[in-house]
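Engineer: Pasting in a structure now, in structure tokens, and then I'll have a few things to ask.
Just so it is clear, none of the values below were taken in a lab; they were calculated from the coordinates. None of the values given here were measured: they were computed from a predicted structure. Cβ placement follows ideal geometry from the backbone for every residue including glycine, while neighbour counts extend to all protein chains displayed.
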Amino acid sequence: MKLIETALPGVVILEPDIYSDARGFFLESYHRERFADLGITAEWVQDNHSRSTRGTLRGLHFQPGFPQAKLCRVVAGEVLDVAVDVRRGSPHFGQWTSALLSAENKRQIFIPRGFAHGFLVLSECAEFLYKCDDYYHAHDERGIAWNDADLGIAWNIENPILSVKDQTNPRLRDCAELPIFQQP
């Protein structure tokens, strides 16, 4: 497994070793010891799977009281995956990074606790899988506007398909609850 650093410390892209032959391919999407060797020691407690159509943008979501690290991948289609540092006091607060995840490239992105997360579906449809190291708590879910001008995320779409909830997310500067940055 190859680890690729991003502009945000802790957010990394993982490129698996793929073994292909005439029958198809095999890869390990998760191996606790190998991930620990790469510095990823999250204990996963929940797996999620979503299917979305082209132009769907989910996010940017985070949980301030019950923050979640996430390990994300796409098994059908292609998405632009985005992480935003929302930890008050972080030297990278309000900065974002992105990765193209697809069934073809088989890459994953690890997003540590304290980051908002979202993705945009670029293909006709996409199946998106992600592990979380804490449970989803509906009462604790918060969001940031996908088009927050202060963030300047290059989604390259003008009118994405959004949930009703995501249509009303505030700008980052107007979020009352954010996790506090803690030195690693």
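Engineer: Which shape class applies to the chain: rounded if a/c is under 1.5, otherwise prolate when a/b exceeds b/c and oblate if not, where a ≥ b ≥ c are the square roots of the Cα gyration tensor eigenvalues?
Structural biologist: Judged from the Cα gyration tensor, the chain comes out oblate (a/c at least 1.5, b/c at or above a/b).
Engineer: Towards the positive end of the charge dipole of the chain, with charges on Cβ (+1 Lys, Arg; -1 Asp, Glu), say which of V45, A83, I161 has the farthest Cα.
Structural biologist: Looking along the dipole axis, the top candidate is I161.
Engineer: Still on this model: So how far apart, in nm, are the two label points at S163 and A36 if each is 7 Å from Cα heading toward Cβ?
Structural biologist: That separation, rounded to one decimal, is 3.4 nm.
Engineer: With n ≥ 4 as the cut-off for DSSP H runs, can you work out [θ] at 222 nm for the chain, using -39500 (n - 2.57) per run divided by the number of residues, rounded to the nearest 500? Intermediate values should be presented prior to the final figure.
Structural biologist: On the way: 1 runs with 6 residues, N = 184.
Mean residue ellipticity, 222 nm, calculated: -500 deg cm²/dmol.
Engineer: Where does the charge balance sit around V45 when Lys and Arg score +1, Asp and Glu -1, over other residues with C-beta under 10 Å from its C-beta?
Structural biologist: With Lys, Arg at +1 and Asp, Glu at -1, the neighbours total -3.
Engineer: What does the charge count around L120 come to, taking other residues whose C-beta lies under 14 Å from its C-beta (Lys +1, Arg +1, Asp -1, Glu -1)?
Structural biologist: -3
Engineer: Tell me, F35, F128, F62 in order of fewest to most beta-carbon neighbours within 10 Å? Mind dumping the intermediate values first?
Structural biologist: Working: F35 19, F128 22, F62 28.
Result, fewest neighbours first: F35, F128, F62.
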